[in-house]
Amino acid sequence: TTPSIVGNRVMGAPKYTWNLGAAYEAALTSDFDWFARVDYSHRGSFYLDNLNLAKTKSDDQVNVRFGIKSDAWRLEAFATNLFNEKTIYGQSGVDVLNQISRYGITTYANEMRLSLPDKRRLGVRASYSF
């Protein structure tokens with residue numbers, strides 16, 4: 001018999017997901033402004049299957065950037081995943097395992113795919129508009 005999934009949460013859908021961001025900009029000189037931005041995002045845990053047997057952990061990310069800019073120039077430093085969050089990402093799917101063309105039968109199997117999180121990245125960006 002097939003187990004019932006009545007009352008289970010939908011796979012791949014966190015109960016709560018939210019983002020919060022703040023930005024500030026002010027004059028540095030008559031030609032340049034300085035700016036700063038911080039973004040915080042939260043993705044709640046979610047199930048990887050309809051039976052609600054496998055569940056991910058919740059994930060929190062902080063990204064920051066700051067720099068200077070003018071009408072033509074922009075120079076910024078940034079950090080993504082500032083606190084080096086290491087939650088593994090998960091996703092479920094259905095892949096064809098075997099196809100028996102003689103009988104026109106295709107069998108499927110559920111699978112769970114896991115991937116490592118993006119590590120903290122630090123960098124500098126420069127751009128010029130003309």
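The values are calculated or read from the model by the stated rules, or taken from the named source; none is laboratory data. Predicted model only: the values in this text are computed from it and were never measured. Please note: Cβ atoms are built from the backbone with ideal geometry, for glycine as well, and neighbour counts cover all protein chains shown. Side chains are part of the model used for accessible areas, which takes the heavy atoms of the whole protein and leaves out ligands, DNA and RNA. Shrake-Rupley method; radii C 1.70, N 1.55, O 1.52, S 1.80 Å.
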Any chance you could count how many residues in the range 70-90 are open to solvent by less than 30 Å² (accessible area, probe 1.4 Å) and at pLDDT below 90? 2
Could you please find all residues in the range 16-69 being farther than 19 Å from L122 by Cα, β-branched (V, I, T) and either open to solvent by less than 50 Å² (accessible area, probe 1.4 Å) or touching a residue at least 40 places away in the same chain (Cβ under 8 Å) (or both)? T56
Within the range 1-15, the residues that are surrounded by fewer than 14 Cβ atoms within 10 Å (Cβ to Cβ) and aliphatic (A, V, I, L, M) are I5, V6, V10, A13
Working carefully through the options N8, N50, N19, find the one that is of a type in the set (S, T, N, Q) and within 18 Å of the chain's Cα centre (by Cα). N19
Sort out which residues of the range 40-59 are touching a Phe, Trp or Tyr at 6+ places or on another chain (Cβ under 7 Å) and either under 14 Å from N19 (Cβ atoms) or modelled with pLDDT of 95 or more (or both), and write them in order of number. H42, G44
